[in-house]
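The values are calculated or read from the model by the stated rules, or taken from the named source; none is laboratory data. Quantities reported herein were computed from a predicted structural model and do not represent experimental measurements. For neighbour counting, all protein chains shown are included, and Cβ atoms are generated from backbone atoms with ideal geometry for every residue, glycine included.
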Amino acid sequence: MGKLNVANRTLAVMDNLAFLRRLNNECIDLIAIDPPFAANETFTGNPRPPISDAEYAEEIALAQAHGVEHNEGQGLTRVHDIWSWDEDVHPAWKMSIEDDYPEVFAVIQAVEACASENEAAYIAFMAARLLECRRVLKPTGSIYLHCDSHANSYLRMLMDAVFEAGNFRSQITWRRAIAHNDARRYGNITDTLLYYVNGSRFTWNGVAVSEPKTAEQLATAYPSRDERGAYRTSDLTGAGTREGESGQAWRGYDVNARGRHWALPRDSSYALWIASNIIPGYLQIGGVHDRLDALDAHGLIHHPNRGVWPGLKRYAEADTGNPPQNLVLDPTGFTNYSTSGGEYSGYSTQKPLELYERIINASSNPGDVVLDIFAGCATTAVAAERLGRQWVACDMAYRAWTMLKRRFYLSGYALSDMTDSTPKALLGSQEGIDQVLPEASSKTIGPNDLPDRDDEDPAPHHALRSAVGGRRGARQSTQSSSWSGRISKDQAKRLLMDKFGPQCWGCGYEPRRPNGSLDETLLEVDHIRARKATQGTHGNDELYNLALLHRTCNGIKRNRMTLEELRNHNAMHGLLYVEKVSDLVDLFEATQFAAEQIAIHAAQYGL
């Protein structure tokens, strides 16, 4: 497994995909993320208490120190959750996913066919990040993805494709609110957490998050009593016959004759309790019959007066409570009626610490590394700190730095880079606020401080790394993302139409309506040299490789032909709207034009 190449308590303020790609392979134990929900609307956050002048000045100074512009206002924070191919998905992501992860690409296509292009763009955005999440996650690691009814079914398919369906563990339903009045439908009061692991040897501490049984439940569950206390009897056997000692008769009980075999506690929580309280050295007893003898000698086996099966005594003292279920009713989320004792920081997307402490406790151990790449509200980082885990967080907005400091302060920690801009008066008069807080050393890095990796991507992740891009404001909006110097397809379509006219480069057809007006929607931008037609060596989304095609021609060409092959196909089948192929747009002239426009674009954006 890899070595973590950033410091504990690192907050990266940058595009999370760029940050993920600079983390070492297999260096994270647990990922807990609460990404945008594809709700197709813009949310607002109103920090409580309001951002002070000093805090805002700090955010600006920090951005300047990182060599970037701070574009967030001091008041409301806007959370964009509206998605499109042009603004949110780098064109090379989709191409790389199609080549290297056909199962993931099939999910994107299915969403585009069944839902809309907006949802498909969102799934493509998430796919690029989740593929990197799997790369950085240890084989023993786990991931929780928080979503709601807008996209949970699409994300479930995507997670199956990225992490493999066999690594799915649970779909947790969390009751976000007690009630909701939604017109002409059932009240929408739940969210979903998708829980996946990265292999068979994952961490699971179910006992740590179990709920203690009530006295009434204990009395019902443990109806018998002896000198040790209340107990119940449970089966000592399992279904099916076995060769060897576990299938052999013991004290007259022939388990194989009844289609069973001996199944004794060996490394379970009850085995640990037996070793700690009744039979020292129990865990070191190797033989099945030796363990049966030891249990019997210490009065832990019940021999019935009637019946044929002995039973194992299980004592109430060892009860581990009710195991965690995939329905979480408490805690609920934050509403106008519930702000959880001052925990609420003013963002409608904020989740309660108790909920995230539960999943961190269940799926990691003290000292493990927890990652959150949508960390605007700082919930995962604060929960990890409170439970003795290391944490790494990333968000696009410098407001995340302020929220992180505030929430650490309220949780009893003063981050080392916290300054006087968060005075006690700002935080109110909560109990204990005047005490001297223990200091936690933290580090904030910007987009020009990407970590240095000391490994290489396992195939096929190298293809995804070649396409760096970003969301314009994935959790809380800040500076716009770049397209790595590329001209977008919308820009390309306009440039090519203005230069060469509204005609298909494959057949020469001009799509017009019956009244003679141009129907631009029938012209699409596609590749001159398709990736599959050229084994991926020349097909890309640079302007010099883009052409205007009528939908019919694009359907013929797809990703199997080059543009030259499409033209010859159309000429052979009488599909040209010009006399001959040479009357179509001159591709040499188009290449010259593209080079000029790329140079202009690069100069304009300082690339």
Test for A39: is it under 19 Å from the mean Cα position of the chain (by Cα), surrounded by fewer than 21 Cβ atoms within 10 Å (Cβ to Cβ) and touching a residue at least 12 places away in the same chain (Cβ under 8 Å): yes
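Mind checking which residues of the stretch 573-590 are in a helix (DSSP H, G or I), under 50 Å from the mean Cα position of the chain (by Cα) and either without any contact (Cβ under 8 Å) to a residue 40 or more places away in the chain or not assigned by TED's automatic domain parsing to the domain that holds M497 (or both)? Spell out how you get there, then give the answer.
As a first pass, look at the stretch 573-590 and keep what is in a helix (DSSP H, G or I): 581-583, 587-590.
If we keep only those that are under 50 Å from the mean Cα position of the chain (by Cα) as well, we get 581, 587-590.
Correct list: V581, F588, E589.
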Considering only residues that are hydroxyl-bearing (S, T, Y) and surrounded by 15 or more Cβ atoms within 10 Å (Cβ to Cβ), look in the stretch 180-223 and name the one that is farthest from I301 (Cα to Cα). T190
Residue satisfying all of: in the stretch 474-513; of a type in the set (K, R) and modelled with pLDDT under 75; nearest to the chain's Cα centre (by Cα) among these: R475
Conditions (1) more than 15 Å from A128 (Cβ to Cβ); (2) part of a helix (DSSP H, G or I): number failed by V111: (1)
Can you tell me how many residues in the stretch 40-84 are more than 30 Å from E117 (Cβ to Cβ) and of a type outside the set (S, T, N, Q)? 24
Keeping to the stretch 8-53, report how many residues are outside any loop (DSSP other than H, G, I, E, B), within 24 Å of P447 (Cβ to Cβ) and among the aliphatic types (A, V, I, L, M). 10
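Across the stretch 225-250, what is the total count of residues that are loosely packed, with under 13 Cβ neighbours inside 10 Å and either over 42 Å from the mean Cα position of the chain (by Cα) or free of Cβ contacts under 8 Å to residues at least 24 places away in the same chain (or both)? Let's see the steps before the verdict.
Let us first name the residues in the stretch 225-250 that are loosely packed, with under 13 Cβ neighbours inside 10 Å, namely 225-227, 229, 234-235, 239-240, 243-244, 249.
Subset that is either over 42 Å from the mean Cα position of the chain (by Cα) or free of Cβ contacts under 8 Å to residues at least 24 places away in the same chain (or both): 225-227, 229, 239-240, 243-244, 249.
So the answer is 9.
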Here are some residues: S170, S142. Which one is closer than 21 Å to A384 by Cβ and touching a helix residue (DSSP H, G or I) at 6+ places or on another chain (Cβ under 9 Å)? S142
What do you reckon, is S276 buried (at least 17 other Cβ atoms within 10 Å of the Cβ), small (G, A, S) and either at pLDDT below 90 or not in a loop (DSSP other than H, G, I, E, B) (or both)? no
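Any residue in the stretch 99-115 that is buried (at least 20 other Cβ atoms within 10 Å of the Cβ) and in contact (Cβ under 8 Å) with a residue 60 or more places away in the chain?
yes
Can you tell me how many residues in the stretch 61-74 are in contact (Cβ under 8 Å) with a residue 12 or more places away in the chain and within 16 Å of N448 (Cα to Cα)?
Result for the stretch 61-74: 8.
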Among what's in the stretch 134-182 and is aromatic (F, W, Y) and not in a strand (DSSP E or B), pick the residue that is nearest to D457 (Cα to Cα). F163
Does D81 fit the bill of being more than 17 Å from T42 (Cα to Cα) and assigned by TED's automatic domain parsing to the domain that holds L158? no
Could you identify the single residue in E112, E87, E164 that is of a type in the set (D, E) and at positive phi? E164
For a quick check of your reading of the model, give me the residue pairs whose first member lies in the stretch 280-300 and is assigned by TED's automatic domain parsing to the domain that holds S234, whose second is among the hydroxyl-bearing types (S, T, Y), with beta-carbon atoms closer than 6 Å and at least 6 apart or on different chains. V288/S246
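This table checks each residue for (1) touching a residue at least 40 places away in the same chain (Cβ under 8 Å); (2) of a type in the set (D, E, K, R); (3) touching a Pro at 6+ places or on another chain (Cβ under 8 Å).
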site	(1), (2), (3)
G346	yes, no, yes
P352	no, no, yes
E357	no, yes, no
A362	yes, no, yes
G367	no, no, no
T379	yes, no, yes
W391	yes, no, no
M396	yes, no, no
